[in-house]
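Data first, discussion second: the structure below is written as structure tokens.
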Amino acid sequence: MQPSISAAPTTGPHNRLCSLDALKVIGCVSVVLLHALVPNVERVDDSLTWMAANLLSAATRQAVPLFFMISGALMLRRDFPSLPAHFGRVAVRYGLPLLGGLAAYKALAISQGDPTELFNTVLYNVRANLGFHLWFMWEFLGLALVAPILRPVAADKRAAWLFVALWAAYRVVAPWLRFLDVTIPVANMLFLPHTGYFVLGYVLAASPRRVPPLFLLCGMVVAIVATAGLTADFSLPFDRLDVRFYDPDAPLVLLLCACLFKLCLQSLTGNSPKALRFLAGATFSVYIYHILALSRLTHFIGPTTLFMSVCVHTPLAFAACLLLYAIARRVPGLKYFFPG
């Protein structure tokens, strides 16, 4: 039985939900694979190799939305009686790792001949940092800051579903209606791309309703195959990758995320085993540093084939980040930059 809205999931260092930890690992592996596939999927042609890369890339598109859904399921489950305490936790738990990531990618830029001042892209001009993927961290911090505002919405079942429905209307449906020359005249005053995923994660985690697993699996397969097919149809005629069906706002990506999230919630019950807790604890650090690992692998191994991207670069980058995390967690002071 899944928890209800009024009895949202609780977690702790030794009481972590197996379903959410597994989703963290799935999302993290997916995001590493997604970035490892970039050189393969951006070379658009009608070869079987590109078709396979496109299909694999379509299967990774749940990566970032999953992190926001997991965060919503965990962060919105409780009230925030002390805002200063909440903001302090956010600064330490998420701000320090972000600062560490900015510094690491600045070091990478310096090794590649970056002539700018030492603190440029670390303490200011951060959008120019070589760690392009750290945009996720800035959005995550933004959601953490507004979580106390979203908590009362999430705690009310009707308000939560209304929020998700309006978000889907504005962010998922409306952009595609423009192809039919149809627009929603009422202005969107609230909904951003990942805010809905944040609330949706909590709603799905707190809902006791079960969905037949076969239905969820079919939804995932349809979403992946249709995303790959539509991407190919809109890319091949122009020899240029069309990413509109890869975006988190795409309806098929939403379907994939919702089905995978619900399937894991229903299928993986109980607390996480020790190995899964370790992997899930490392995912934050793996996300921050995997681009650094991939860039070093590309430098030493060279341009990648599809096989190398999937079977060599992805597991090696993941393993290197796990090793970095395991070592850093044992160093006093440094462990605050590698939250578990």
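For the range 193-214, filtering for residues that are surrounded by fewer than 16 Cβ atoms within 10 Å (Cβ to Cβ) and within 18 Å of the chain's Cα centre (by Cα) leaves 0. Sub-6 Å Cβ pairs linking a first residue in the range 46-59 that is under 18 Å from VAL29 (Cβ atoms) to a second residue that is among the β-branched types (Val, Ile, Thr) and in a helix (DSSP H, G or I), at least 6 apart or interchain, are ALA53/VAL41; SER57/VAL41; ALA58/ILE224; ALA58/THR227; ALA59/ILE224, ordered by first then second residue.
One residue stands out in the range 305-319 among those that are buried (at least 20 other Cβ atoms within 10 Å of the Cβ) and among the hydroxyl-bearing types (Ser, Thr, Tyr): the one that is nearest to ALA53 (Cα to Cα), namely SER309. The single residue among GLU117, GLU139 that is surrounded by 14 or more Cβ atoms within 10 Å (Cβ to Cβ) and either modelled with pLDDT of 90 or more or not aliphatic (A, V, I, L, M) (or both) turns out to be GLU139.
Within the range 101-132, being of a type in the set (A, V, I, L, M) and in contact with a Phe, Trp or Tyr (Cβ under 7 Å, 6 or more places away or on another chain) holds for ALA104, LEU130.
Within the range 61-83, how many residues are of a type in the set (S, T, N, Q), surrounded by fewer than 24 Cβ atoms within 10 Å (Cβ to Cβ) and in contact (Cβ under 8 Å) with a residue 24 or more places away in the chain?
The qualifying residues number 1.
Count of the range 154-173 residues, restricted to those that are surrounded by 18 or more Cβ atoms within 10 Å (Cβ to Cβ) and not charged (D, E, K, R), is 8. Here THR121 does not fit the description of being among the β-branched types (Val, Ile, Thr) and in contact (Cβ under 8 Å) with a residue 24 or more places away in the chain.
Is at least one residue of the range 237-260 among the acidic types (Asp, Glu), in a helix (DSSP H, G or I) and either surrounded by fewer than 19 Cβ atoms within 10 Å (Cβ to Cβ) or at pLDDT below 95 (or both)? Within the range 237-260, none of the residues are among the acidic types (Asp, Glu), in a helix (DSSP H, G or I) and either surrounded by fewer than 19 Cβ atoms within 10 Å (Cβ to Cβ) or at pLDDT below 95 (or both). Taking the stated definitions as given, is TRP161 among the aromatic types (Phe, Trp, Tyr) and out of contact with any Ser or Thr (no Cβ under 9 Å at 6 or more places or on another chain)? It is true that TRP161 is among the aromatic types (Phe, Trp, Tyr) and out of contact with any Ser or Thr (no Cβ under 9 Å at 6 or more places or on another chain). Among the candidates ALA282, ALA228, ALA275, the residue that is of a type outside the set (Val, Ile, Thr) and over 30 Å from ARG329 (Cα atoms) is uniquely ALA228. Of THR305, THR314, all but one fail to be out of contact with any helix residue (DSSP H, G or I) (no Cβ under 7 Å at 6 or more places or on another chain), in contact (Cβ under 8 Å) with a residue 12 or more places away in the chain and within 30 Å of SER47 (Cβ to Cβ); the exception is THR305. Residues in the range 174-189 that are surrounded by fewer than 14 Cβ atoms within 10 Å (Cβ to Cβ) and either assigned to a helix (DSSP H, G or I) or within 21 Å of the chain's Cα centre (by Cα) (or both): TRP176, LEU177, ARG178, PHE179, LEU180. For the range 259-267, the criterion of being free of Cβ contacts under 8 Å to residues at least 60 places away in the same chain, over 24 Å from SER111 (Cα atoms), touching a helix residue (DSSP H, G or I) at 6+ places or on another chain (Cβ under 8 Å) and not hydrophobic (A, V, I, L, M, F, W, C) is met by at least one residue.
The values are calculated or read from the model by the stated rules, or taken from the named source; none is laboratory data. The model shown is predicted, which means the values in this text are computed figures rather than measured ones. No Cβ is skipped: glycine too gets one built from the backbone with ideal geometry, and neighbour counts run over all protein chains shown.
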